[in-house]
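The values are calculated or read from the model by the stated rules, or taken from the named source; none is laboratory data. Please read these numbers as outputs of a predicted model, since none were measured by experiment. Here Cβ is always computed from backbone atoms with ideal geometry, including for glycine, and neighbour counts include all displayed protein chains. Quick note on the areas: whole protein, heavy atoms, side chains included, nothing else; ligands and nucleic acids left out. Shrake-Rupley method; radii C 1.70, N 1.55, O 1.52, S 1.80 Å.
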Amino acid sequence: MYVFKGGYRTLLEEHADEGFLRLSFNDINIARNLFGPHDENIKYLRKYFNVRASVRGNNLTIVGNKKDIENTNKVINELQGVIKKGFIISPSDIDQAVRYISHTNNGIEELYKDQIYLYPSRKTITPKSKNQKAYIEAIKKYDIVIGIGPAGTGKTYLAMAMALSSFYKKEVSRIILTRPAIEAGEKLGYLPGTMYEKVNPYLRPLYDALYDMVDMERATRLIEKGIIEIAPLAFMRGRTLNDAFVILDEAQNTASEQMKMFLTRLGFSSKTVVTGDITQIDLPDKKASGLVESQSILKGIKGIRFVYFTERDVVRHPLVQKIIRAYETRKSE
């Protein structure tokens, strides 16, 4: 698909490790998609690799040291494969390709085999890392999946996507979203309003994920009909949840007895996903986290799968990965 032609004579004479790569694309539409509006995607590659790039028509020339040229070429090759499958490339796809290629020998096309299709919005959710792919596969296979890892790794977002997909496929008849009402390091005092208005701020992240996948009008109708229920964890006590997809978010802030209570709500034809970050526990008085305890208590039980995420799986701003890594380094000192 691309052609490598010689070297860049002047740079080779002055800098022995430098050269250039010229890529020629037969299909101008593939080239336009790859380059992005105003060549934004090619400019974005410079964030990762110390290269200079120029675009002319459907030709791309990359100048830099041999290692960066080689890595840039790998990323471009992977993105071409994705484009051929009909996808539009964006900077987030470049982030994904760089991250995935640097940590696995497999191509990113492997990730697109586990896409989540959301009817009727026709939105497609694609895993961005090897662990996200394993997470989706686990949710398909196991009735209880527990995802543990730092913020921004897609634990809640992908669980929400799988819940909506299961509902639209008629695999479940309702979706239940819950999380403990624990303040994250600051006292909010007595909030005004009804009981639902009081707990609503704690549940906001679940609404945000829902509205990102389903338009607000459709989501509101589903909530009004009781098909989607968003409630604090305390409301789960005494219930048996049949034919439901249940998500417990921020599970690191559950006490041991709360985690046991929640996990024993599972009814027939139901699926449960638990998510949490054990490095951000906000329980008062240094109480033991139910999520932390569950790792040893539930270990080895068939039908339950733990999936662990790292900073490599973060799909937010690239700086988030560096922030998480910095805090982990500080903690280990």
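Just a few scattered comments:
- Residue that is most open to solvent (accessible area, probe 1.4 Å) [pool: residues in the stretch 239-261 that are of a type in the set (Asp, Glu) and touching a helix residue (DSSP H, G or I) at 6+ places or on another chain (Cβ under 9 Å)]: Glu257
- Of all residues in the stretch 267-289 being basic (Lys, Arg) and not in a strand (DSSP E or B), the one that is surrounded by the fewest Cβ atoms within 10 Å (Cβ to Cβ): Lys286
- Checklist (1) without any contact (Cβ under 8 Å) to a residue 12 or more places away in the chain; (2) open to solvent by less than 50 Å² (accessible area, probe 1.4 Å); (3) of a type in the set (S, T, N, Q) applied to Thr264, failing item: (2)
- Ala209 at pLDDT 90 or above and of a type in the set (Gly, Ala, Ser): no
- Within the set Lys225, Lys187, the sole residue that is basic (Lys, Arg), at pLDDT below 85 and over 21 Å from Thr275 (Cβ atoms) turns out to be Lys187.
- Taken over the stretch 219-238, the criterion of being open to solvent by 60 Å² or more (accessible area, probe 1.4 Å), touching a residue at least 12 places away in the same chain (Cβ under 8 Å) and either over 24 Å from Ala151 (Cβ atoms) or touching a strand residue (DSSP E or B) at 6+ places or on another chain (Cβ under 7 Å) (or both) is satisfied by Phe235, Arg237.
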